[in-house]
Amino acid sequence: MTTAKRNRQRGKENEKVLAKIMNGDRKGLLGGEDISAGPWSIEAKSRVKSTAHTFMSQAVRNCPNGKAPMVIIHLHNSRRDNDLVCVRLSDWREMYGNL
């Protein structure tokens, strides 16, 4: 199996699992949204490595008891309205449950 085919298969499996977790519908066809869940249009990604996970590890280390870690990623010289907010799925589910 080629690397591209393995990556597509990994992506499909990730979408299926996340759709179930988020109580959503897997769309993932023809370039549209991957998952529709409540008010959310979810683009699901599965990566071997991610810088966001490094950022989250730092946020977890620095997070006081009783709070949930969050990472906000800002690109220099861009509008703050376009910053990305990252939370762990486990924290999301604890706060908001399934959609």
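Label-to-label distance for Arg47 and Asp25 is 3.0 nm, based on points extended 7 Å past Cα in the beta-carbon direction. Evaluating 6.51 cos²θ - 1.76 cosθ + 1.60 at θ = phi - 60° for every residue in the stretch 4-10, the Karplus couplings come out as 4, 5, 4, 5, 5, 5, 4 Hz, glycine and proline recorded as x.
Both radii come from the Cα set of the stretch 1-61: Rg as radius of gyration, Rh as Kirkwood radius; their ratio Rg/Rh reads 1.05.
Here's how it looks for Gly28: its modeled amide H is under 5 Å from those of Asp34, Ile35, which are all 5 or more places away or on a different chain. Do the sum for the chain: with -39,500 (n - 2.57) for every DSSP H run of n ≥ 4, divided by all residues, what is the mean residue ellipticity at 222 nm, to the nearest 500 deg cm²/dmol? Helices in the chain give a 222 nm mean residue ellipticity of -12500 deg cm²/dmol.
Averaging sequence separations of C-alpha pairs under 8 Å and six or more residues apart, then dividing by the length of the chain, give the relative contact order as a whole percent. About 19 percent, as a whole number.
Using a cutoff of 8 angstrom between alpha carbon atoms and counting only pairs six or more residues apart, the relative contact order for the stretch 50-98 works out to 29 percent.
Taken about its Cα centre, the chain carries a charge dipole of roughly 460 debye when the Cβ of each Lys and Arg holds +1 and the Cβ of each Asp and Glu holds -1. Residue ranges 11-18, 53-60 sort as 11-18, 53-60 when ordered by packing (mean number of other C-beta atoms within 10 Å per residue, highest first).
Read-outs throughout are calculated quantities, based only on the coordinates presented, and are distinct from any laboratory measurement. Here the structure is a predicted model, which means the values were calculated and not measured. A quick note on method: Cβ atoms are made from the backbone with ideal geometry, for glycine too, and the neighbour counts reach across all protein chains shown.
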